[in-house]
Amino acid sequence: MAEGYSKHYNMDSRPTVVSTPTGRRLSAWTGHLSLWTRRLTAGVAVLLMATACSTDPEFSAWPCRFVYDNGLHLDQTLATATNSMSRGIFCHITESVRQGAKYLVFTNSDGLSSTQRETAAESESHYKLGLSNGIIVGYQTFNTTPNGGFIAYDAQCPNCVRNGNSLGSSKYIIQMDHKGMATCPTCKRQYMLNNRGIVVNGGKDDHKLEQYALVNCTGPTGVVSVFSRQ
């Protein structure tokens, strides 16, 4: 748990104090209900976008399935990219396994990094983080609609993947910088994260970053969800 958040976190999941013999049970029930409500709200928002986005060619058909409640973990790195008041910071999310346990690794465009062990429920949900275990989320500065400008990209260079007929490679993972640019270490193409992932130094037939259609964010200590249009 991020220490900086834990001292002040008293939001949605704060128990209600009830001065009755059954107060402790009611308090725990209230906390669970609040958590369930947060997840349900985020899920409904994603479903409402599905019809409009499912056939739009702008959005990626590459696989993605990710729902994460940062109210449980209070991860500082992820929080920097899910705050609409601090646009232009992006977070790369990947998954690792250590001694049988699953972890999520968060790295933002300012160089901050952190790791969170998945809960049992999260581990059993079997995340699919893009084409090759990596997505990037954050709030754009140039585009504020839809979703308030919140966007999710695949972390693979789309041009190298296509040119190499590949299912993804560590050689194609784009590298972010603090200016909101991302560069492929193989082809050296640069992508503008703050403007729909467009290519800034490529040819006319080059592809912009793969963008996921069904995304939602309810704040730094809220729920982040990213799904492909499939």
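The values are calculated or read from the model by the stated rules, or taken from the named source; none is laboratory data. As the structure is a computational prediction, the values presented were derived from the model and not from experiment. When we count neighbours, we look across all protein chains shown, and the Cβ atoms used for this are built from the backbone with ideal geometry, even at glycine.
The set of residues from region 115-156 being within 14 Å of Ala79 (Cα to Cα) and crowded, with 18+ Cβ neighbours inside 10 Å comprises Gln116, Ile136, Val137, Gly138, Tyr139, Phe150.
Among the residues making up region 119-161, those that are acidic (Asp, Glu) and within 15 Å of the chain's Cα centre (by Cα) are Glu122, Asp154.
When we screen Gly88, Gly111 for residues that are surrounded by fewer than 16 Cβ atoms within 10 Å (Cβ to Cβ), within 26 Å of Ala182 (Cα to Cα) and touching a residue at least 40 places away in the same chain (Cβ under 8 Å), the only hit is Gly111. Of the residues that sit in region 185-197 and are touching a strand residue (DSSP E or B) at 6+ places or on another chain (Cβ under 8 Å) and surrounded by fewer than 20 Cβ atoms within 10 Å (Cβ to Cβ), which one is farthest from Gly111 (Cα to Cα)? Looking at the filtered set, the residue picked out is Arg196. Taking each residue of region 193-210 that is free of Cβ contacts under 8 Å to residues at least 12 places away in the same chain and looking for partners that are assigned to a loop (DSSP other than H, G, I, E, B) and of a type outside the set (A, V, I, L, M) with beta-carbon atoms closer than 9 Å, six or more apart or interchain, yields Ile198/Lys208. Against the conditions (1) over 18 Å from Ser60 (Cβ atoms); (2) buried (at least 23 other Cβ atoms within 10 Å of the Cβ), Val200 satisfies every one except (2).
Name the residues in region 146-163 that are more than 19 Å from Phe227 (Cβ to Cβ) and either among the basic types (Lys, Arg) or at pLDDT below 90 (or both), would you? Passing the criteria: only Arg162. Considering the conditions (1) touching a residue at least 12 places away in the same chain (Cβ under 8 Å); (2) more than 21 Å from Pro220 (Cβ to Cβ); (3) among the small types (Gly, Ala, Ser), Ala120 is excluded by exactly one of them, (1).
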